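This report refers to the structure that appears directly beneath it.
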Amino acid sequence: MGISPHTFVNKYPGGRPPMSPAPKIMAVQGAAMLVAAALIVIGILGFIPGITANFDQLGWAGSRSGALLFGTIAVCAAVNIVHLVIGAAGFWFARSYAGARNYLLAGGAIYLALWLYGALVEFGSNAHVIPLNTAANWLHVILGSIMVLLGLTLGGQHDPTKRRPRLRRAATH
């Protein structure tokens, strides 16, 4: 009597295939690093003459800075430094799943609050501590929305790097 072609032969020791290794980084961590890199690039570009129009009018802070990133987005030295710091913080927070999720959600909320502030306070007003214009407001609302969306969608997934409890099979009688 030979082996039937329908006989199952388990080629794995212990009867189960080996577990796949845990991912090196989660998607939310990758998204946080991507946003952080973009913010660092924006911060650096704000200090480069030619990319920043009216560079000679780059002020430290306040609404009177005449510098325009890409010729459209109002910037000052403080704003460029804030982008660099928030970008660097993103890489630090992206070291963990929860840190990356919180970075995207909190950072997104900050940029959305900045957009709301820019939308409610008149351009050029002394109430502006940083230069804001329509292009800067669009940048803030788009960046804030993307960060919150990434934090909610990618950060809403269960953390697969944590151990899951084993399910017990019901005893059959």
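Only the coordinates and a few stated rules stand behind these numbers; no lab work does. As the structure is a prediction and not an experimental result, all values here were calculated from the model. A quick note on method: Cβ atoms are made from the backbone with ideal geometry, for glycine too, and the neighbour counts reach across all protein chains shown.
Arrange 117, 103, 97 by Cβ neighbour counts within 10 Å, fewest through most, would you?
Exposure proxy ranking, most exposed first: 117, 97, 103.
So for the pair residue 25, residue 70, with labels modelled 7 Å out along Cα→Cβ, what separation do we get in nm?
About 2.3 nm, to one decimal.
How high is the FRET efficiency between residue 135 and residue 91 when r is their beta carbon distance and R₀ equals 25 Å, given to the nearest 0.05?
Step by step, r from the Cβ atoms, then E = 0.40.
Could you calculate the contour length gain from residue 78 to residue 41, that is, 0.36 nm times the residue separation minus the distance between their Cα atoms, to one decimal place in nm?
Value of the extension gain: 11.8 nm.
Return the FRET efficiency for the residue pair residue 54, residue 123: r is the Cβ-Cβ distance, R0 is 22 Å, and the value is rounded to the nearest 0.05.
It comes to 0.85.
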